[in-house]
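Read the structure below first, then the notes.
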Amino acid sequence: MRTFPGVWVPPGGGIDWDETLIQAGLRELLEETGLSIESEIRRNHVLCLWESVYPPILALGEPKRHHLVIYYHIQVASSKLELSRRVRLDPDEVDACAWLNQPQVDLVVNGHQGDDELLPRDMPKTFELTIIENGVHKTQEWPVEVLTAKAPKSGTDIERISSGTRYALEQWLLLFNQTMISKI
């Protein structure tokens with residue numbers, strides 16, 4: 001993402017004067033991923049809010065950006081496989097994308113402190129992502145450590161999931177677990 005280089009975030013951006021929050025989110029999703037899901041929405045609600053500041057720590061410099069981020073939880077009729085086939089990343093906006101399953105989100109939220117011995121036994125050591133290389137979408141395997149990397153307290157930022165996104169994934173995981181418990 002141009003605003004936060006090397007930092008992983010969901011699709012998003014600013015709101016135009018003539019649109020609602022959900023319309024803005026759907027427009028940004030379409031612009032960044034090529035996914036048009038408006039006709040497929042089963043449910044949507046605000047998942048959480050996050051105050052975003054970049055750089056995230058004063059030791060890294062004075063704030064250059066400051067926003068309120070609204071994360072939405074949207075359920076659609078299409079499967080992950082169907083959506084994956086339709087993804088067309090905008091190379092001016094996005095470098096890569098990945099779908100994370102519940103165990104991977106749990107790893108993002110709860111981490112493993114870089115010790116492979118602490119990874120769940122059934123957790124693969126890599127995860128799949130789609131990149132754009134010379135205008136072509138390609139699938140790659142990346143180490144799961146990218147999912148657990150945290151913002152450094154000083155020095156250059158690293159490839160990682162943003163703190164706000166990590167918080168939103170924590171809220172999604174709580175919702176997922178509550179839904180699973182209610183089905184029992």
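The values are calculated or read from the model by the stated rules, or taken from the named source; none is laboratory data. Quick caveat, the model's predicted, so the values are computed rather than measured. Cβ placement follows ideal geometry from the backbone for every residue including glycine, while neighbour counts extend to all protein chains displayed.
Under the condition of being among the aromatic types (Phe, Trp, Tyr) and not in a loop (DSSP other than H, G, I, E, B), which residue from the stretch 1-54 is farthest from residue 95 (Cα to Cα)? Talk me through it step by step, then tell me what you get.
Going through the stretch 1-54, the residues among the aromatic types (Phe, Trp, Tyr) turn out to be 4, 8, 17, 50, 54.
Among the residues that remain, those that are also not in a loop (DSSP other than H, G, I, E, B) are: 8, 50, 54.
Numbers: 8: 10, 50: 23, 54: 19 Å.
Within the stretch 1-54, the match that is farthest from residue 95 (Cα to Cα) is 50.
Do we find a residue being farther than 19 Å from residue 5 by Cα, at pLDDT 90 or above, β-branched (Val, Ile, Thr) and surrounded by 12 or more Cβ atoms within 10 Å (Cβ to Cβ) anywhere in the stretch 119-138?
Within the stretch 119-138, one or more residues are farther than 19 Å from residue 5 by Cα, at pLDDT 90 or above, β-branched (Val, Ile, Thr) and surrounded by 12 or more Cβ atoms within 10 Å (Cβ to Cβ).
Tell me, which residue of the stretch 152-173 that is over 20 Å from residue 94 (Cα atoms) and surrounded by 13 or more Cβ atoms within 10 Å (Cβ to Cβ) is modelled with the lowest pLDDT?
Going residue by residue through the stretch 152-173, those that are over 20 Å from residue 94 (Cα atoms) are 152-156, 167, 170-173.
Subsequent filtering for residues that are surrounded by 13 or more Cβ atoms within 10 Å (Cβ to Cβ) retains 152, 167, 170-173.
Values: 152: 73, 167: 96, 170: 96, 171: 98, 172: 97, 173: 96.
Top of the filtered list is 152.
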